[in-house]
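Peer 1: Could you have a look at this structure, given as structure tokens, before my questions?
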Amino acid sequence: MGASKKLKMATPLGPLLLQLFLLILLLISIHQAHSATASTIHLPFSIYPYSLSVTDFGATGDGLHYDTAAIQSAIKACPTSYHTQCHVTFPPGTYLTRTLFLKSGVVLDIKENATLLGGTKMEDYPKELREWYVVVAENASDVGITGGGVVDGHGLGFVKRFNERKNVMVSWNTTGACLGDECRPRLVGFIDCKNVRVWNITLTEPAYWCLHIVRCENTSIHDVSINGNFNTPNNDGIDIEDSNNTVITRCHIDTGDDAICPKTYTGPLYNLTVTNCWIRTKSSAIKLGSASSFNFKGLIFDNITIVQSHRGLGLQIRDGGNVSDITFSNINISTRYYDPSWWGRAEPIYVTTCPRDSSAKEGSISNVVFINITANSENGVFLSGSKHGLLSNLRFINVNLTYRRWTNYSGGLVDYRPGCQGLVNHSIAGIIMEHIEGLEVENVNMRWCDQQFGHWNNPLDFKPSTINNISLFNFHSSLYIK
């Protein structure tokens with residue numbers, strides 16, 4: 001009875017002491033965890049992001065008046081403390097803008113039924129050509145774009161003359177800002193950034209390149225739709241330039257020019273993984289190059305569908321960089337002819353290295369694997385090295401090639417562009433090979449359409465003087481029967 005009374009007298013203090021004790025333990029554990037991991041673990045995006053709405057800073061979203069100042073003010077107002085992610089949100093509406101500059105820790109959160117619309121006037125963009133983007137981040141970390149909405153480059157506003165073969169585009173070269181016929185703004189760019197993430201967003205109608213990743217580390221691009229006008233030149237889908245540790249997955253790309261295009265201008269490119277994507281283009285679906293001054297290494301392309309494109313898988317090395325350790329796997333390809341003003345000749349696979357001009361070096365391509373590839377094409381595979389830039393250790397495993405014609409464009413041309421030999425008359429073949437040291441073909445089936453069999457009279461085309469060490473195992477060539 002006495003013990004029971006003592007227990008009842010102690011209970012009012014029990015919960016208070018217990019809460020105080022647990023609070024002390026929690027503070028100690030947080031301090032220890034931060035001390036142990038602060039120098040080794042970097043969290044690119046916080047769990048509970050800070051959020052600011054552009055409408056609270058005066059953005060109208062009416063599509064008529066420029067909202068640049070309001071949006072940039074919201075970006076500027078984002079806190080810059082370590083590990084703080086700030087979402088700058090766009091409610092439904094159309095937000096006309098000049099170039100926007102992101103800073104570290106900022107994510108543009110463009111909601112469904114919201115569109116960020118780029119301007120079409122030269123004064124909408126900075127004086128510096130390298131900053132000609134609708135949205136750009138430079139020397140920033142933990143930046144991105146998301147939200148389910150749209151970033152629109154207003155690309156049709158840059159068409160000088162519409163043409164089903166190829167649109168004639170506005171070029172601002174007459175102002176002296178740049179040279180050539182490609183002087184137009186890109187859509188989105190990340191330059192010298194770390195921890196970039198672009199996801200759940202639609203990028204549409206770029207006037208020039210769409211998504212440009214330049215000298216970045218650790219980039220994730222997923223669940224992105226890219227829609228460019230099918231007749232507009234130079235509206236590449238994703239250009240990855242001198243960047244490392246990049247992952248692209250679950251993207252839908254439908255555009256006129258190259259869809260996914262790794263390039264090297266100022267440094268090497270390595271550890272790029274592309275998976276689970278759908279692509280249609282009037283140029284190359286996947287293209288390494290043609291800018292290729294430095295090396296490409298450790299690239300993986302897996303589970304990709306390529307539809308009605310001018311070229312499927314392309315390596316276009318022209319500037320002396322070397323390519324090695326590349327894997328293409330589980331890919332379905334459909335290629336067809338388009339107007340020859342577009343690079344490409346309906347090749348499902350195109351592997352080439354040659355000097356761009358007399359001053360360029362010859363790069364090499366080695367250790368490239370094509371495995372579990374199915375292609376339905378109007379033209380054959382083209383494998384072409386050069387005298388001092390050989391293709392070596394190429395492997396084709398479990399490849400099914402079906403050749404048939406269904407457009408009215410003429411065949412009989414080999415396309416070395418850019419540079420090199422240009423367009424060259426050549427008979428159509430299943431696989432054309434030049435300057436190769438080591439080629440393994442295993443479980444490859446080649447089928448030919450019986451209606452145009454006269455066009456396909458040579459399954460393998462090569463000169464022994466330029467080809468060495470070819471191995472054919474379980475190679476089949478037969479008529480295509482519907």
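Peer 1: Considering only the range 111-241, what is the antiparallel percent among its DSSP beta bridges, to the nearest 5? Before the final figure, lay out each step's value.
Peer 2: Working: 3 of 35 bridges.
Close to 10 percent.
Peer 1: Report Rg (one decimal) and Dmax (nearest whole number) for the range 85-199, counting Cα atoms only, units Å.
Peer 2: Both quantities, over Cα of the range 85-199: 15.1, 45 Å.
Peer 1: Which whole-Hz ³J(HN,Hα) couplings does the range 419-429 yield from phi under the Karplus relation 6.51 cos²θ - 1.76 cosθ + 1.60, θ = phi - 60°, glycine and proline marked x?
Peer 2: For the range 419-429, the Karplus curve yields x, 6, 9, x, 8, 10, 5, 7, 5, 6, 9 Hz.
Peer 1: Another question about this same structure. Please list, short to long, the whole-number percent of alpha-carbon pairs of the range 294-351 in consecutive 5 angstrom bins beginning at zero.
Peer 2: Bin by bin from 0 Å, the calculated values are 5, 17, 23, 22, 18, 14, 2.
Peer 1: Return the distance in nm (one decimal) between the two label points of a simple spin-label model at M122 and N445, each offset 7 Å from Cα along Cα→Cβ.
Peer 2: 5.8 nm
Peer 1: Principal axis lengths of the range 153-293 from Cα atoms, whole Å, largest first?
Peer 2: Here the Cα extents, ordered largest to smallest, are 40, 31, 22 Å.
Peer 1: Sequence-distant or interchain residues sharing an amide H contact under 5 Å with G119, placed H: which?
Peer 2: Those qualifying (amide H under 5 Å, at least 5 residues apart or on another chain) are T97.
Peer 1: With θ set to phi - 60°, apply the Karplus curve 6.51 cos²θ - 1.76 cosθ + 1.60 along the range 306-311 and write out the HN-Hα couplings as whole Hz, x wherever there is a Gly or Pro.
Peer 2: Per residue, the Karplus-derived 3J(HN,Hα) values read 10, 10, 6, 9, 7, 8 Hz.
Peer 1: Could you list which residues have their amide H under 5 Å from that of G320, counting only those 5 or more apart in sequence or on another chain, with H placed in the peptide plane?
Peer 2: K361, G363
Peer 1: Viscosity 0.692 mPa s, temperature 37 °C: Stokes-Einstein D of the chain from its Kirkwood Cα radius, in µm² per second?
Peer 2: Numbers: Rh = 24.6 Å.
In µm²/s, the coefficient rounds to 134.
Peer 1: Related question: About the Cα centre of the range 329-482, how large is the charge dipole given +1 on each Lys and Arg Cβ and -1 on each Asp and Glu Cβ? Please answer in debye to the nearest 20. Could you put the intermediate results ahead of the total?
Peer 2: On the way: 12 positive and 12 negative charges, 41 e Å.
For this selection, approximately 200 debye.
Peer 1: Still on this structure, please answer the following. So for R336, R165, what's the accessible-area order with a 1.4 Å probe, most first? Could the numbers behind the result be given before it?
Peer 2: Values: R336 50, R165 140 Å².
Ranking R336, R165 by accessible area, largest first, yields R165, R336.
Peer 1: A further question follows. How far is it, in nm, from the label point at N372 to the one at A69 when both lie 7 Å from their Cα along the line to the Cβ?
Peer 2: Output for this residue pair reads 5.7 nm.
Peer 1: Please list, in chain and number order, the residues 5+ apart from I333 or on another chain whose amide H is under 5 Å from its amide H, with Hs placed from the backbone.
Peer 2: Residues meeting the criterion, in which the H sits 1.01 Å from N, are I306, T374, A375, N376.
Peer 1: Say each of N408 and S53 gets a label point 7 Å from the Cα, pointing the same way as Cα to Cβ; how far apart are those two points in nm?
Peer 2: 5.6 nm
Peer 1: Under unit Cβ charges (Lys, Arg +1; Asp, Glu -1), what dipole magnitude, rounded to 20 debye, does the chain have relative to its Cα centre? Mind dumping the intermediate values first?
Peer 2: Details: 39 positive and 41 negative charges, 141 e Å.
Charge dipole, the chain, about its Cα centre: 680 debye, nearest 20.
Peer 1: Each residue of the range 460-468 in turn: what ³J(HN,Hα) in whole Hz from Karplus with 6.51, -1.76, 1.60 and θ = phi - 60°, glycine and Pro shown as x?
Peer 2: These are the phi-based 3J(HN,Hα) values: 10, 10, 7, 9, x, 5, 10, 10, 9 Hz.
Peer 1: What number, in percent, do you get for the relative contact order of the chain if the mean sequence gap of Cα pairs under 8 Å and at least 6 apart is divided by its residue count? Let's see the in-between values first.
Peer 2: Details: 1425 pairs, mean separation 32.2, N = 482.
Rounded, it is 7 percent for the chain.
Peer 1: How fast does the range 385-482 diffuse by Stokes-Einstein, in µm²/s, taking the Kirkwood radius from C-alpha pairs at 4 °C and 1.567 mPa s?
Peer 2: On the way: Rh = 14.9 Å.
Estimated via Stokes-Einstein, D reaches 87 µm²/s.
Peer 1: Can you give the FRET efficiency for D192 and H222, using 1/(1 + (r/R0)^6), R0 = 22 Å, r = Cβ-Cβ distance, to the nearest 0.05?
Peer 2: 0.50
Peer 1: Continuing with this model, one more query. Of the cross-linked pairs K76/K121; K194/K287; K103/K282, which ones have a Cα-Cα span greater than 30 Å in the structure shown? Show your work: numbers first, answer last.
Peer 2: Working: K76/K121 24 Å; K194/K287 24 Å; K103/K282 35 Å.
Where the Cα-Cα span goes over 30 Å, the pairs concerned are K103/K282.
Peer 1: Moving on to the next point. Which value does Rg/Rh take for the range 224-292 over its C-alpha atoms, Rh per Kirkwood?
Peer 2: Values: Rg = 11.6 Å, Rh = 12.1 Å.
Ratio of gyration radius to Kirkwood radius: 0.96.
Peer 1: When DSSP assigns beta bridges and you keep just the ones with both residues in the range 383-482, what percent turn out antiparallel, to the nearest 5?
Peer 2: Values: 4 of 32 bridges.
The antiparallel fraction comes to roughly 10 percent.
The values are calculated or read from the model by the stated rules, or taken from the named source; none is laboratory data. Predicted, not measured: the structure shown is a model, and the values here were computed from it. With ideal geometry, Cβ positions are generated from the backbone for all residues, glycine too; neighbour counts draw on all protein chains shown. These accessible areas exclude ligands, DNA and RNA; they are computed on the full protein's heavy atoms, side chains included. Shrake-Rupley method; radii C 1.70, N 1.55, O 1.52, S 1.80 Å.
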